[in-house]
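The values are calculated or read from the model by the stated rules, or taken from the named source; none is laboratory data. Just so we're clear, the structure is a prediction, and the values are computed from it rather than from any experiment. All Cβ positions, even for glycine, are placed from backbone atoms using ideal geometry, and neighbour counts span all protein chains on display.
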Amino acid sequence: MTEAVIFDLDGTLINLPINYEKLFKEVREILNMNNVRPFLKTVSQTRGRKRAMIFKAWEEAELEALPKVTLNPKGKVIYEEYRKKPKALVTMQSRKFLEAFLRQFGLVFKGVVTREDSMNRVKQLEIARKTLGLKFADILFVGNKEYDLVAAEKVKCRFQWVGE
């Protein structure tokens, strides 16, 4: 039985139209690299001052896209279905973006985990689970990416896809 739900954000609850080509160009310049894809892997392997610079550029791209954010209707239906259950949120977005987004859209979560906490989805889920105070067997994870499904399988919680 589902006692709580953990949601992914971008692609699951919202559509965040970041200008990725501009962001990737900035990150290529910061790292002095020709190819920064896969992006999450590149960023997670970067440390120190350069990582902070990437996080800043990424956050600026998110905040620039904030006025154009739309709710994903399929994700919103699932959110409403579990409105009485405790909910947590895991995201690769920044805490600053997330706080602005939550104010704008009025969604409520018992706990939130951002890239500043961890860029590893399994670790994000573990942090969210502790916030919810439940076993993974009692939690549903709602996401839209293959790595969301893989993370759910690793921690042994149920998973629900949100499509386009």
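Laid out as a table, the results:
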| read-out | value |
| --- | --- |
| Matching residues, the range 72-87, being farther than 15 Å from PHE109 by Cβ and either assigned to a strand (DSSP E or B) or not polar (S, T, N, Q) (or both) | PRO73, LYS74, VAL77, GLU81 |
| The range 69-91 - residue that is charged (D, E, K, R) and in contact (Cβ under 8 Å) with a residue 60 or more places away in the chain and, of those, surrounded by the most Cβ atoms within 10 Å (Cβ to Cβ) | LYS87 |
| Flag if PHE109 is at pLDDT below 95, crowded, with 16+ Cβ neighbours inside 10 Å, in the same structural domain as ALA152 (by TED's automatic domain parsing) and within 23 Å of PHE141 (Cα to Cα) | no |
| Qualifying residue in the range 98-106 (condition: in a strand (DSSP E or B) and in the same structural domain as ILE78 (by TED's automatic domain parsing)) | no |
| Residue in the range 79-93 that is among the aromatic types (Phe, Trp, Tyr) and under 12 Å from LEU9 (Cβ atoms) present | yes |
| Matching residues, the range 96-115, being without any contact (Cβ under 8 Å) to a residue 24 or more places away in the chain and within 15 Å of ASN15 (Cα to Cα) | LEU102 |
